[in-house]
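What follows is calculated from the coordinates using simple rules that are stated; it is not laboratory data. Here the structure is a predicted model, which is why all the values come from computation and not from measurement. Every residue, glycine among them, receives a Cβ derived from its backbone with ideal geometry; neighbour counts consider all protein chains shown.
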Amino acid sequence: MLPMASSQVRVKSHEGDESVARMDSVQQAAIDLLGKADLITPMALRVAATLKLVDHLEAGVTDLPGLARVTRSHERPLGKVLDHLVSLGVVERAGERYRVSALGAPLSSRCDHLGVRPMLDVEHLIGKAELAMVDLLHTVRTGAAAYEERGVTLWEDLNAAGGGAPGMDAFRRTAALFDAEAIAEQFDWSQVRDVVDVGGNSGAVAISLLQAHPHLTATVFDLPCFGPAAREAIERAQLADRCEVTSGSFFDGLPPGRDVYLLSAILADWSDEDAVRILRQCRRAAGPTGVVLLAEVHLRADHPDPVHRTAAALRIEASMGHPDRTPADLAELAARAGLRVTWEGRHTPVRSLLALRAETELR
Ligand SMILES: C[S@@+](CC[C@H](N)C(=O)[O-])C[C@H]1O[C@@H](n2cnc3c(N)ncnc32)[C@H](O)[C@@H]1O
């Protein structure tokens, strides 16, 4: 009888005839593990997405020299990437020409609404966040987001790159707005004149608020890199007369004197200390009469497949430092910032809604 640690596998000899060989099951496990840990295939797909190889193939640039020219790449390594994409079935090769296969089709920019190419494009907001998973060890060692291994947050890094960053819209098409409609529906906006959407990104939440409440005006406040995307989205929604865009860091101060300061999906990215600093800035800007409206997200992995579920849970953990603060945790942070809870919404599985006001005036 074979020992438990061994198994029999069929292998092909060089001549092509099959024979039964014994392979130690640990050796087989080693092969399986390395297959699961492979970084080359994920990175080859990301190179294809970032260089928009499928777009170029669709536009008729189908040979290696042409693809190297239009993507400003080195021909030899690009050829190796294409060879691997052929092995994976993402592109097909006929002589010196390549074409997109059915499997490669979602890598076309025409399919960006599916979120696949933005997720794999290492120069895109979402792709950068995803690539930071290589620093998962940083999260495990420190409890902070993996991206912070680089000494900056994803947002600071995008901002430091200069120019306009794309908004989170590619992400929004693949995932709901985390029950963001609850913000417009549950809070009583009837007496509110103006709201600052603090960390409002490209304005999606502010736009939905303005569409639901035609008497409101809004300011989308975020880092300068998101200004162009926000202005464009607001123009497109024909809301430029009711919505302005202001740039800055919420650690340095906010436009003062507005009725409501909305923090939608902001605090989960920050440590308790930083969250309290952000809340203090909101309190300072809101003064004695303004409201700080917390609409915090709690992300949970609930995929039916266990491997997808545990992977999603890890991704959430490594993407944001604090994805799971309870309403009680948030109230405690608010108290540290001198704010008290004056209203609670119906908490959904992914959102907590809390309205806060200053305990006493800040000096
Ligand atoms: C997770 S997104 C939330 C976007 C939006 N509020 C929503 O609900 O979808 C976090 C936002 O905080 C912004 N942010 C990060 N650091 C910031 C800072 N120091 N000052 C202003 N905004 C900042 C980011 O640019 C990003 O748009």
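If you find the alpha carbon centre of region 278-305 and of region 19-70, how far apart are they in angstrom?
Between the Cα centres of region 278-305 and region 19-70 lies a distance of 41 Å.
Between helix 25-37 and the chain, what is the angle of the helix's C-alpha long axis to the longest principal axis, kept within 0 to 90° and rounded to the nearest 10?
Value to nearest ten degrees: 50.
Under the rule a/c < 1.5 gives rounded, and otherwise a/b versus b/c splits prolate from oblate, where does the chain land using the Cα gyration tensor?
Judged from the Cα gyration tensor, the chain comes out prolate (a/c at least 1.5, a/b above b/c).
Between Val245 and residues 5 or more places away or on another chain, which pairs have amide H atoms under 5 Å apart, with H built 1.01 Å from N, and which residues are they?
Close amide H contacts, sequence-distant or interchain: Val220.
What list of ³J(HN,Hα) couplings, whole Hz, do you get for region 96-106 from phi and the Karplus terms 6.51, -1.76, 1.60, once you set θ to phi - 60° and write x for glycine and proline?
Working through the residues one at a time gives 8, 9, 10, 9, 6, 9, 4, 5, x, 3, x Hz.
What do you get for Rg/Rh over region 24-111 if you use C-alpha atoms and the Kirkwood form of Rh?
Radius of gyration relative to Kirkwood radius: 1.07.
Taking the Cβ of Ser109 as the centre, find all other residues whose Cβ is under 11 Å away and add up their charges (Lys, Arg: +1; Asp, Glu: -1).
Result for the local shell: -1.
What are the residues whose amide H is under 5 Å from the amide H of Ile266, where those residues sit 5 or more places off or on another chain and H is modelled from the backbone?
Counting only residues 5 or more places away or on other chains, the set is Val297.
Considering only C-alpha atoms, what is the centroid distance from region 229-256 to region 93-120, in Å?
Between the Cα centre of region 229-256 and that of region 93-120, the gap is 34 Å.
May I ask you to list the trypsin sites (Lys or Arg not before Pro) in region 37-81 that are in a DSSP loop and have at most 10 other Cβ atoms within 10 Å of their Cβ?
In loop regions of region 37-81 (DSSP not H, G, I, E or B), the sparsely surrounded trypsin sites (Lys or Arg not before Pro) are Arg72.
Please compute the contact order of region 24-111 in relative form: average sequence separation of alpha-carbon pairs under 8 Å and at least six residues apart, divided by the residue count, as a percent.
Across region 24-111, relative contact order equals 29 percent.
Using θ = phi - 60° and the Karplus curve 6.51 cos²θ - 1.76 cosθ + 1.60, what whole-Hz ³J(HN,Hα) does each residue of region 190-207 get, with Gly and Pro shown as x?
Values per residue, Gly and Pro as x: 4, 9, 8, 9, 9, 9, 9, 8, 7, x, x, 6, 8, x, 4, 6, 4, 4 Hz.
Could you go through region 268-281 in sequence order and give the Karplus-derived ³J(HN,Hα) for each residue, using 6.51 cos²θ - 1.76 cosθ + 1.60 with θ = phi - 60°, rounded to whole Hz, and x for Gly and Pro?
Here the 3J(HN,Hα) series is 4, 7, 10, 5, 4, 4, 5, 4, 5, 4, 5, 4, 5, 5 Hz.
Ranked highest first by average number of other Cβ atoms within 10 Å, how do 284-292, 134-142, 188-196 line up?
By packing density, highest mean first, the sequence is 284-292, 188-196, 134-142.
In percent, how large is the relative contact order of the chain, given Cα pairs closer than 8 Å and 6 or more residues apart?
11 percent
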